[in-house]
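Trainee: For reference, the structure I am asking about is given below.
The values are calculated or read from the model by the stated rules, or taken from the named source; none is laboratory data. Everything numeric in this text was worked out from a predicted model, so none of it was measured. Counting neighbours? That spans all protein chains shown, and the Cβs are built from the backbone with ideal geometry, glycine included.
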Amino acid sequence: MIWLKLGGRRFHLLKLAGSFFVFAFVLKALEAAYTIFVTVNKAIYANANPALITPLFGWSINAPAAFTSEDIIGVLLGPVANFLFWMALAVAALMIYQAGKIVFPIEEYEQKVSEHHRKLIAHARVAHAKLKRK
């Protein structure tokens, strides 16, 4: 653990950095969601009036032609990918923030221990218990 002392108060540095990352990445994800909304509105306007394709998207090839559903999917790919990227970073930042609370499951397996090793483990436990009592 890394601690930061500021103004007489101690902060867990990983939690502090994680909280800033979570806040920043959530804001960027909201910005990307708004970009998706704006792009969908542009696609609706371009579909209704093909003359708006060039001013809205900057396409000059075959404009003003019909704005097809493939075009709508094409213009949405970038904003959706951007949104998913920032959401993934927000989840990673949340994992950093929750670093002290995250438990990663580790594969458990059974191993046969010989009788000799069982006796050694039992003696070690008894010895450890005696040391704790002192």
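Trainee: Could you list, in sequence order, all residues of the range 96-115 that are surrounded by fewer than 14 Cβ atoms within 10 Å (Cβ to Cβ) and either modelled with pLDDT of 75 or more or within 30 Å of Val40 (Cα to Cα) (or both)?
Mentor: Scanning the range 96-115 gives Gln98, Ser114, Glu115.
Trainee: So, one more: Failed condition for Leu27, given (1) modelled with pLDDT under 85; (2) part of a helix (DSSP H, G or I); (3) within 26 Å of Leu94 (Cβ to Cβ), with all others met?
Mentor: Of everything listed in (1) modelled with pLDDT under 85; (2) part of a helix (DSSP H, G or I); (3) within 26 Å of Leu94 (Cβ to Cβ), Leu27 misses just condition (1).
Trainee: Out of (1) at pLDDT 80 or above; (2) under 32 Å from the mean Cα position of the chain (by Cα), the odd one out for Leu52 is which?
Mentor: (2)
Trainee: Go through the range 32-58 and count every residue that is of a type outside the set (A, V, I, L, M, F, W, C) and out of contact with any Phe, Trp or Tyr (no Cβ under 8 Å at 6 or more places or on another chain). Before the answer, list the steps.
Mentor: Within the range 32-58, the subset of a type outside the set (A, V, I, L, M, F, W, C) is 34-35, 39, 41-42, 45, 47, 49-50, 54-55, 58.
Add one more test, that the residue is out of contact with any Phe, Trp or Tyr (no Cβ under 8 Å at 6 or more places or on another chain), and what stays is 34, 39, 41, 45, 49, 54-55, 58.
Total meeting the criteria: 8.
Trainee: Looking only at the range 1-24, how many residues end up being under 15 Å from Phe85 (Cβ atoms) and either modelled with pLDDT under 65 or exposed (fewer than 15 other Cβ atoms within 10 Å of the Cβ) (or both)?
Mentor: Residues of the range 1-24 under 15 Å from Phe85 (Cβ atoms): 21, 24.
Retained after the next criterion (residues that are either modelled with pLDDT under 65 or exposed (fewer than 15 other Cβ atoms within 10 Å of the Cβ) (or both)): 24.
Residues meeting the conditions: 1.
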